[in-house]
Each structure stands twice: as structure tokens, then as C-alpha cells.
Amino acid sequence: MRIPKLPHTYFWPAVILLHLLGLVQAWHTGSIYLVDSIDYLSQAENIGEHGSLYAAPWNMPIKPDYYSFRPPVYGLLIYLLKLIFASDYWILLVQSFISISTLWGVRKLISEWGYDLEKLNSFLLAILIVYPSQIIHCNFVMSDILFQALLFWSFFFTVKLWQKPSYHAAGRASLLFALAMLTKPVAFLLGISVAFILVFVFLKQKKAHYLLPFLLLPFVYHSYAQYNKQQTGYYHYSSVTPIFVLKYMAKYTNGQLFGEAYADSVQDNIMAKANAAKSYEERFTLMNSEGKRIIMEHPLFFAWFNVKGWIALMVDPGRFEWVHFLNMEEGTYPGLYHSIHTQGLWKGIWFFMLHAPLHLLFLLAFCLCMNVWISVLFLRYLFQAHQSAIIRICIFLFVGYIMASTGVLGLSRYRIAIAPFLWVAALLVLIPQTKNVTTDK
């Protein structure tokens, strides 16, 4: 196949234009907030006015989980940006620059491995066009684009560290992992997992001392958990853990097995007990243990439920984000995600197709096809023996960690975190290598 070439003089203007068009659309509709946005904006305000990481409105009834619900980095970024300009659209503009920096990193990494830069430009721009979620999420007041960049640059320096061990690469990788775990709690074990794998590799080479900077990660974990203990009286990293276990994993397990009404009644009963708890430790432990109990009653179904979540993560066309980005009326029909998790996969999809607007279905069908294409290229890449083993292991580790951590949810929004790794894999399959650059050292 003849691959077109795109000089960088056209590539970067096109990339900037796509991001600007997204920003203009957001400005036009004003639809830049999702449900979680109020948490981040509240946290930013509370940092400035009260010196607190509490992630809910200060003058409303206290939500005890929200003292440790949102780690501080994104809220702190919003606070600092608003010291310059108060507009939330300024946050979106900065997020567009962060997105462009990630694209620059993807391009830089692959070009260093000896691939044709102008052909790389063509396919990277094409991927950006057929994966509109990247532009869409730049224009929500959400932490996803920042988290994506932190994960990608963590990967960037992890690869550098593995290929040529140095304190410089280890220091940058560990710092970025620390920032990632303080942006989204889902990442709190990722850097430690990477270090655990590398220590076995480096012990054989007598280079384990290069991993000393990774001691920053348990220190960050302990410091943040200790801070949460001061706020709540209980040593823990994030209140997301029991909420995720009970309100998502356990609830949707019950929902698919016994119906939505039963799942709601069980959760309501547990939450009534949790709300009556005398301490936050009791509340946290009760929610976590009850959620796990429900899951362990149906282990095989829950395992299959996770597999479906992983598949959904890779191919979800992003109905929720499209509806909000285009400021569309959702009508009286439930969303695709809700329909699938309460009615089952095929019944849920069929119900949604019968009730959703036709133009939305066309958009979603296009995105679904493109996501399937990228996923196929990703799987093909993992099994290509001539590709660098180090890079394949790193990509699989980062993607696999996020997939396993998000489990049953399978939302398009969570694929934003791993999108650059899927792009790298797809590009390495599509573009021929013009220089024989050794990447396994």
C-alpha cells in the first residue's frame, strides 16, 4: 500500500486547527461540564479559600467521602490557572496544548525508532480525525487529558529507562508516575508495578540502583493516605475504592443478574447503614466489604462481566461524550451504558438503537468502526515477533493496568488514558521502518 506523506509544515497547523475547532464548538454550546466537573471546580475553590482538598461545595451539606474522593493535582492546576484568568475556557485551551504535547511525544518517540516521519504524520493525523474523543475531552473541565499526558510521558521515560538505565530517566518516570497517582487514584499502583518488573530485569544486569528514584512512589502514597487520615480519621488512599466496588461493580453485577430494581434496593440498604456509621473507617469498611461480598457470591459471572467491560473499553463509540459535546437533547431514553448494564449487552444495544436519534446513531457507528479498527491493529502489534519486546511489554503493561483497574465500567472516557498507547501500536503496524534502530538493549 502506498502511504501518503505529510510534511510537518502541514501536520502541525492541521492538528492545531482540529483542537481550535473543538474549542470553538465548546464556546458555542457552553456544554463543557460533566457530572464530575463540579468536584474539580469545588476542590480548586476550596484550595484557594480554605486550604482544603475537599471536592464538593463548601457551603452544602458535608459529603464525608469527598475529603479523599479527588486527588489534588487537577484541582490545583485549575486553581493556579484561575489565578491568571478566571474563565473556564482558559482551562480548555491549556488542555488543548497538553493534548498537542502528547501528540508531539508520540511522534517524537516513533520517529526515534527509525520510522518515516512524513508517513507518520499522515497516519497520526488520520487517527486524530477518526478518534474525535481526543478533541472532545480537551473541551470538558475534566482531568482525563492531563492524566493521559502524565501516563504517556511516564511510559516515554520508562521505555528510555529500560533501554538505557539512568537516574535521569528513572527520576523523570517516577515523578510523572507520582503526579499521575495524584491526578487519578486508579494509577496509585501503576508506577510501583513498573518498578517491580524492572527490578527483576535490572538485578540480572546489576543496575537495580537506578530504580532508587521510584522510592518516591510509596512516600507519596503514605503522605497522601496520612493526609486523608487527618481529614477523616482513617488511613486510606482514596474513597473511590469502596464507592467503585459497591456502586459500580456490585450494583451492576446484581443489576444484570436480578434486575435494576433489586440492585437499587440492595445498594440503598447498604448505604443506609453506611450513612449511619459512627466513624469514617466504619463507613469505608462497610461499603468495601459489602460490595466485595456481593461480587464473591457470583465470581464466574463477575469475571465474565469484567471481560465484557474490557471489550467495551476498547470499542465504546462514546455516546455520552458526543451528546454533551454537541449539546444534544437526550430525550426520555436511557443512555447506552445504562441500557447495557441493566438489560444485558444485546438487549441494551437494541433498546438504545430503537430510541436514539438517527444522526447520533450514524456518528456512533462511525466511531465504533474506527475503534474496532484501532483495537485490531493493537492486537496485531502485540503478536508481531519482529517488534521490540521491551516496547510491547511496556505498552501491554500500561494498557492492561488501566483495563484491569476500570473493570466492569468499560467507558469511552477511560480509553482516553490509554489512547496514545493504542496509537503507537497502530502506527508501528501501519508504517514501515526506514532505519534499523535497535530498541531492545
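The values are calculated or read from the model by the stated rules, or taken from the named source; none is laboratory data. Quantities reported herein were computed from a predicted structural model and do not represent experimental measurements. Just the protein is used for accessible areas: all its heavy atoms, side chains included, with ligands, DNA and RNA removed. Shrake-Rupley method; radii C 1.70, N 1.55, O 1.52, S 1.80 Å.
Please list, short to long, the whole-number percent of alpha-carbon pairs of region 182-235 in consecutive 5 angstrom bins beginning at zero.
Result returned by the calculation: 4, 18, 22, 20, 14, 10, 7, 4, 1.
Kirkwood hydrodynamic radius, computed over distinct alpha-carbon pairs, for region 194-276: how many Å, to one decimal?
Evaluated on region 194-276, it is 16.3 Å.
I'd like the projected area of region 106-193, averaged over all directions, using the convex hull of its alpha carbons. Report it in nm² with one decimal.
Details: hull surface 26.7 nm².
Here the figure is 6.7 nm², rounded to one decimal.
Please give the calculated 222 nm ellipticity per residue for the chain, where each DSSP H segment of at least 4 residues contributes -39500 (n - 2.57) and the sum is spread over every residue; nearest 500 deg cm²/dmol?
-22500 deg cm²/dmol
Given springs between every Cα pair under 10 Å in a Gaussian network model of the chain, which of 92, 361, 151 has the largest fluctuation?
361
Any chance you could check the Cα centroid distance between region 172-192 and region 67-118 for me, in angstrom?
16 Å
Hey, what did region 139-240 get for relative contact order, percent, Cα under 8 Å, at least 6 apart?
About 23 percent, as a whole number.
Which number comes out as Rg/Rh for region 1-82 once both Rg and the Kirkwood Rh are worked out on C-alpha atoms? Mind showing how you got there, number by number?
Details: Rg = 19.2 Å, Rh = 15.5 Å.
In region 1-82, Rg relative to Rh is 1.24.
Cα centroids of region 225-287 and region 306-328: how far apart, whole angstrom?
25 Å
What are the membrane-span-like helices in the chain by this rule: whole DSSP H runs, Cα extent along the axis at least 18 Å, mean Kyte-Doolittle hydropathy at least 0.5?
8-29, 72-84, 88-112, 117-130, 144-163, 167-181, 190-205, 299-315, 358-382, 389-406
What do you get for Rg/Rh of the chain when both radii come from the Cα atoms and Rh is the Kirkwood radius?
Working: Rg = 22.2 Å, Rh = 23.2 Å.
So for the chain, dividing Rg by the Kirkwood Rh gives 0.96.
Where is the GNM fluctuation largest for the chain (alpha-carbon springs, 10 angstrom cutoff): 374, 393, 192?
The residue that fluctuates most here is 393.
For region 31-143, which semi-axes, largest first and in whole Å, follow from the square roots of 5 times the eigenvalues of its Cα gyration tensor?
They are 35, 13, 13 Å, listed from largest to smallest.
Share of the chain's accessible area from carbon and sulfur, percent, 1.4 Å? Intermediate values should be presented prior to the final figure.
Details: 13500 of 20060 Å².
About 67 percent, which is the carbon plus sulfur part of the accessible surface.
Give me the one-decimal Kirkwood hydrodynamic radius in Å for region 110-153, with the sum taken over alpha-carbon pairs.
12.1 Å
So, for the chain, what is the accessible surface per residue at a probe of 1.4 Å, expressed in square angstrom?
45 Å²
What number do you get for region 67-118 when its Cα radius of gyration is normalised by 2.2 N^0.38 Å, N = residues? Please list the in-between numbers first.
Details: Rg = 16.1 Å, N = 52, 2.2 N^0.38 = 9.9 Å.
Cα-based Rg divided by the globular estimate yields 1.63.
For region 215-327, what is one quarter of the convex hull surface built on the Cα atoms, given in nm²?
Its average projected convex-hull area is 10.2 nm².
Whole number please: convex hull volume per residue, Cα atoms of region 367-419, in Å³.
Taking the convex hull of the Cα positions in region 367-419, it is 79 Å³ per residue.
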